[in-house]
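Trainee: My questions all concern the structure below.
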Amino acid sequence: MNYERKLAFNLRMQGMTEAEIAETLKEVRSYENTAGTSVETEFGPAEEYAKQFPKRKRRTQGRAIASVGMVLAIVYLLFAFFGKPLAGIDIRDYVGPLVILPALAVIAAGLLLGFLVDYFRPARVS
C-alpha cells in the first residue's frame, strides 16, 4: 500500500487527473497480481515511475488549500496594517507586537495541510 500511496502522490504532482491515477494504480495492481513479483522491482521507485508520465499543470486539492492559507494571510496583513487608520482597530491589541508572525503561521499551516491532503488522499478506484 505504501508504494501505491507514493505513486498516487507523485502522479498528482505530475498533474494527472484522479481517473488517470486510478487507472495507473489498477494496472500496477494487476501486474503485481499476475507476475507475483513486487512492483518496485519491476517499475522502480514510485518517484521514478511517476516521472515517466507527462507533466501537466493542474490544481490539486492540496494546492487549493495552500492558496486559501496564503489569501487568509494576505487579508490578515492588510487588516493589520490598514485596520487602525481605516477602522480604528489595532491588531496589536490582540496579537501583541509580533504582527507578522501569525501570518507566517497561517502560511506554514496552509502549506503543511495542503501537502498532507495530497499525500494521504487515496486515489479513486476505477
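The values are calculated or read from the model by the stated rules, or taken from the named source; none is laboratory data. Treat the numbers as computed from the prediction; the structure is a model and nothing was measured. Heads up, the Cβs are rebuilt from the backbone with ideal geometry, glycines too, and the neighbour counts pull from every protein chain shown.
Trainee: Among the residues of region 101-117, is any aliphatic (A, V, I, L, M), more than 30 Å from Gly15 (Cα to Cα) and not assigned by TED's automatic domain parsing to the domain that holds Ala19?
Mentor: Checked against the condition, which is being aliphatic (A, V, I, L, M), more than 30 Å from Gly15 (Cα to Cα) and not assigned by TED's automatic domain parsing to the domain that holds Ala19, region 101-117 yields at least one hit.
Trainee: So which residues in region 46-60 are within 24 Å of Leu112 (Cα to Cα) and assigned to a loop (DSSP other than H, G, I, E, B), if there are any at all?
Mentor: Result: Lys51, Lys55, Arg56, Lys57, Arg58, Arg59, Thr60.
Trainee: Within region 34-47, can you find the residues that are over 15 Å from Ala8 (Cβ atoms) and either in contact (Cβ under 8 Å) with a residue 40 or more places away in the chain or not β-branched (Val, Ile, Thr) (or both)?
Mentor: Within region 34-47, Ala35, Gly36, Ser38, Glu42, Gly44 meet the criteria.
Trainee: Same structure again: Kindly establish whether Ile107 is farther than 26 Å from Arg124 by Cα, exposed (fewer than 14 other Cβ atoms within 10 Å of the Cβ) and at pLDDT 90 or above.
Mentor: Against the criterion (farther than 26 Å from Arg124 by Cα, exposed (fewer than 14 other Cβ atoms within 10 Å of the Cβ) and at pLDDT 90 or above), Ile107 does not qualify.
Trainee: Please pick out the residue among Val125, Val71, Val99 that is modelled with pLDDT of 90 or more and over 15 Å from the mean Cα position of the chain (by Cα).
Mentor: After ruling out the rest, the residue left standing is Val71.
Trainee: In this structure, does Gly114 turn out to be surrounded by 14 or more Cβ atoms within 10 Å (Cβ to Cβ), under 26 Å from the mean Cα position of the chain (by Cα), in a helix (DSSP H, G or I) and not aromatic (Phe, Trp, Tyr)?
Mentor: Considered against the rule, which asks whether it is surrounded by 14 or more Cβ atoms within 10 Å (Cβ to Cβ), under 26 Å from the mean Cα position of the chain (by Cα), in a helix (DSSP H, G or I) and not aromatic (Phe, Trp, Tyr), Gly114 comes out as yes.
Trainee: Moving on to the next point. Checking the condition assigned to a helix (DSSP H, G or I), small (Gly, Ala, Ser), in contact (Cβ under 8 Å) with a residue 12 or more places away in the chain and under 28 Å from Asn2 (Cβ atoms), which residue from Ala22, Ala73 passes?
Mentor: The unique qualifying residue is Ala22.
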